[in-house]
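Encoded as structure tokens, the structure appears first; notes follow it.
Just so you know, all these numbers are worked out from the coordinates, no wet-lab data involved. This structure is a prediction, so every number in the text was calculated from the model and none was measured. A quick note on method: Cβ atoms are made from the backbone with ideal geometry, for glycine too, and the neighbour counts reach across all protein chains shown.
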């Protein structure tokens, strides 16, 4: 069944089912009844058949007996006349025999009654009665036949006796007479059938004459074969019940037939009637249902409408019941509507209050200003009490001192008159608000009260001029934990004020108090927080501005503080550092943990100076590590201060080195001077020798002549013997030595500067020459083997510089390059320098490029650092490039850059400004 | 909702109504066929067998779906072996609006009703009507039996030619003149052809009281060699009994009218050697014939004779025509009967010619040891 089946449908359905059920019952009932009737009738008809049977038997008994008697007489061999008269007597008296005859053994007629001479002697040997009588003993009955003369069914009984056969034609008219006595019913009949099933007696006598054979009736067939009983049979196309009983002796059949229609007629009629009645009742029932449906549903419809109205919010609807039955429903509906109405109002009111509260709280969370709060409260109190005016008042805690001024005093209250009073008109347009008795009452006597006739509180029974008229009045004070926070006043509600209004406003007032308190607290809180934040920031700035790493650790080594410097140096951010163990962030400080613990336990600072740590094997950093014990939040810990003193240490080293250099310089100068002397001698003398041999001097000629040698021969001999070459070589070497000395002097004599305008190309060439003289035993490189490629631009302007220093720089670069190239494996190539000098804007650019092994990025970045060297410890000081850099950039205001492709080349680019400018004094 | 409901109910109750109608209503009325039979009176012996043959045919047809579903009903009327009565009952049958009539038994009755049935255009089939009067006429009468004149001729030939009898006597029942007259006439003609002579022609009317003894005397008095008997079975038997009692042994010939069991039971040994022509082969071995005999015996507990057979065929022939008519044919039944030819009968196929006549073969029979036996087949 679907959820929403119509009731009507169900009822109708039920009715239909009921009527069908009834109809079925009727059918079943009538069938049952019918079968009962049939059974009864069958029984009755059977009885009837039996009685007919018996009657017939008795009727037939007589002629049988008579025949036997006469046969006995015939045996006595009477004369023909005697026999005939005896037969006559039998035939006339009995009245059952139509004809009686006696035949002899051959079948010829001996005597016949009624008398007929024509018949005497005729051969009846073929007659069935004759044949039968002779064949068997006792009285024989033939098949029936219709007598042509009497037009009635006849049967012949015959009996054989010694000498012949006696036969009598029996008129079976009597059978019909029997069957006509009783009728089983109006249309039923009784019939007597012979052995072959031919009608020989019938309620309708005419049927007996026609030789009608009823063997086609199953009942007849069964009856003739000995099965007596009642069976369904058809006669004349009519279905009926046939009761059959067999007559003994003749084996004839009594048949009682009754048409079923006739029998069951009344039953069927009744059934039809009943069915029609059911039909009519059902139909009228349906009609009635349809009609009453309307009637019934009208009140339900009304109910539906009213209920809908209630659901839509109309609580005033009431039902007036039309029928008594609906009285209870109407009454309860009305009660319900009323109750709902009341409840709705209450709920609504509650909801309003809740809404008000919610909004107040929301305002509180969103805008923490008392003004916004007051505005919301103002709106709501107006709505909740349906008042015309409202007045919200808050008390400034600064001014109000509950201790000294326990009561609300007008002069103490700081008024905030909410600007959204009724139509922008303030309650009172006057400048001052006087006490007034009403006001006084409110402030001093009864902080929470209302009055529907406030006149009694007016001073002098009247309001001040300009005041709005007051019909009613309600005031509630807003108190937070005994502290007065403010006041709510409403006035002029058209319905007046009730206790409910008072409690409503009290609820709001309480909330207002809480809210105001909260706002205030909040503001204080914000201020404190700000102060705290500022302080924090100030502190953090101090710590972070420290150039040392400040790391706070717990006794177990977990980092608790981390400053900016620490972040810079380690690359680990504050967030990452705090909470992790020291050794995870700064591994090399892990060793300090023991000292940390000492510091904590002794509460004395521990210092560890100049700790070295090498992040990579080339770089050495120096650090001062100081540990301060600390008590932080009650938990012991320490602050580790790490100062990177690498610069200082290096500076110290540089200073030491400078001192060294200076002393070396002084030594060099002394040595140079010492060397210059013998060197001058060598040079001078070799020059002289050369002059005196190969020079065009008069003296040479003269002396040669004097010694009686040919000058030519002497020259020839000396040339051939390479003496001249050697002499030149001595001169060259001496010259070179002198140059070296000179350069060295220049180099070491820092104070003697020769600032001038120099051509960089010349300086570079000069340096090349110097470099080519270098043959460092240690280094195993030969400068002369290096290919020099010059790409000097034409007409390079001079630059103002200190020549020696520039030379020094060039030399350093060339030396480095040469040394580097010595380490590279050149398969097909050869080491070479590419030297470029070009003018570039207002500068002269010098490029010194070698095709050595180059340097990686890391090295390249640090190559100018003092003491940074790629050479192994012991080889080189690492100062060369740094000094060069210093000279170029600091002394000459130029630039020095390096580029490199690892494995391929390295290029140093120097820029000097062309402008005539005083170079900074060192 | 209301509309749907109303419709539902209409359907529901219509259904109940229709069911009830069919349940309670009568079945289609049967097709009524009139039957005129001589069930009582002197011809009752033959008459009942005729009626039984027809009845069995009707029962058989009804058992196998009738005439396209409609049952056949035989409205049986007894003409009491009287042609006047035949007329009366025919009128009754016509008044009862029967579709067709089967019967009557005798040619006399048939002649009596011929005008009536033709006027009313009622198809009438005479299964054993042989009278020439009905032959060769285009009318509403179907004659199923070979014309008596033919019988007469054949017997004349038999008597005069085959048996070489020259002095012949005829005895005939004027009650059935329509039947007997043509036989006598053609018999005499044939006899004359073969050089014989009909010395005596005795007429009597079976309606009247008869003395068979006297009739026998008359016959003997004319001293014939042979006797043609055109009489009913009982009369034939009785006359022969008297003849034999009186010592006459002349060869007797009979029309098929006498060919019934009654002849033998009433005639005893007197009828032995009687010669008859019957248009019926009682020795037929056709399965239809055997079947018919078995069915008849089962139904009526006795053996059938030629009358039963012809009546049976008549009903089946009519049934065919009725079936055609029920299919909506506009033709009259008699036309349909003719059109439906040939028909399968118990003795084989038979034709209906355009005059509505059927003729069959004649079988020569005699009585021996109380039984009819066929001597000669054509």
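Taking every Cα-Cα distance in chain A and sorting them into 10 Å bins starting at zero, the pair-distance distribution P(r) comes out as 2, 7, 8, 6, 6, 5, 5, 5, 5, 5, 5, 5, 5, 5, 5, 5, 5, 4, 3, 2, 1, 1, 0, 0, 0 percent. Of B:254, B:211, B:109, the residue with the greatest mean-square motion in the GNM of chain B, using alpha carbon springs below 10 Å, is B:211.
Note on residue B:330 and residue A:325: with the Förster distance fixed at 60 Å, the Cβ-Cβ geometry gives a FRET efficiency of about 0.25. Relative to the longest principal axis of the Cα atoms of chain B, helix B:83-95 runs at roughly 10 degrees.
Each of A:343, A:293 has some number of other Cβ atoms within 10 Å of its Cβ, and from fewest to most they run A:343, A:293.
With both labels modelled 7 Å from their Cα along Cα-to-Cβ, the residue A:481 to residue A:47 distance reads 11.6 nm. Neighbouring Cβ atoms from other chains, within 10 Å of the Cβ of residues in A:208-214, number 6 on average.
In terms of the mean number of neighbouring beta-carbon atoms within 10 Å, the peptides B:212-220, A:79-87 order highest first as B:212-220, A:79-87. The modelled label-to-label distance for the pair residue A:79/residue A:358, using points 7 Å beyond Cα in the direction of Cβ, is 15.1 nm.
Compute the length gained on full extension between residue A:499 and residue A:236: take 0.36 nm times their separation in residues and subtract their Cα-Cα distance, giving the result in nm to one decimal. Let's see the in-between values first.
On the way: separation 263, 0.36 × 263 = 94.68 nm, distance 10.60 nm.
Difference between extended and current length: 84.1 nm.
In degrees, nearest 10, range 0 to 90: what is the angle between the Cα axis of helix A:803-823 and the longest Cα principal axis of chain A? On a 0 to 90 degree scale, this one is about 50.
Shielding of peptide B:5-16 by partners, expressed as the average count of other chain Cβ atoms within 10 Å per residue Cβ, is 3. Could you state the angle between the C-alpha long axis of helix A:370-385 and the longest principal axis of the C-alpha atoms of chain A, as a value from 0 to 90 degrees rounded to the nearest 10? Approximately 20 degrees, to the nearest 10. Take B:62-69, A:724-731, A:176-183, A:526-533 and order them by the average number of nearby Cβ atoms within 10 Å per residue, most first; the result is A:176-183, A:724-731, B:62-69, A:526-533.
With the contact rule set at Cα under 8 Å and sequence spacing of 6 or more, what percent relative contact order holds for segment B:235-346?
Details: 81 pairs, mean separation 23.1, N = 112.
21 percent.
Considered as an equivalent ellipsoid built on the Cα gyration tensor, segment A:753-922 has semi-axes of 26, 18, 15 Å, the largest given first. Using only alpha-carbon positions in chain B, the gyration tensor eigenvalues give semi-axes of 47, 19, 19 Å once each is multiplied by 5 and square-rooted (largest first).
Taking other C-beta atoms within 10 Å as the exposure proxy, A:685, A:378, A:268, A:827 rank A:827, A:685, A:268, A:378 from fewest upward.
Model label sites at residue A:757 and residue A:225, defined 7 Å from Cα along the beta-carbon direction, differ in position by 16.7 nm. Relative intensity of segment B:148-278 on a log10 scale, I(q)/I(0) at q = 0.10, 0.11, 0.16, 0.18 Å⁻¹, equals -0.25, -0.31, -0.68, -0.89, per a Debye sum over C-alpha point scatterers of equal strength in the absence of solvent. Taken over segment A:645-752, the ratio of Cα radius of gyration to 2.2 N^0.38 Å equals 1.75. A Förster radius of 30 Å, combined with the Cβ-Cβ distance separating residue A:860 from residue A:576, puts the computed FRET efficiency at roughly 0.50.
Shielding value for A:715-727 is 0, the average number of Cβ atoms from other chains within 10 Å of each residue's Cβ.
Per residue of chain A, the DSSP helices (runs of n ≥ 4 H) give a summed -39500 (n - 2.57) that works out to -16000 deg cm²/dmol at 222 nm.
Mind checking the full-extension length gain between residue A:710 and residue A:116? Use 0.36 nm per residue of separation minus the Cα-Cα distance, one decimal, nm.
190.5 nm
Within segment B:10-153, antiparallel bridges make up roughly 5 percent of the DSSP beta bridges whose residues both belong there.
In terms of other Cβ atoms within 10 Å, A:564, B:8, A:384 run from fewest to most in the order B:8, A:564, A:384. For a paramagnetic label modelled on residue B:166 (point 7 Å from Cα along Cα→Cβ), amide N atoms under 11 Å away belong, within segment B:197-223, to B:197.
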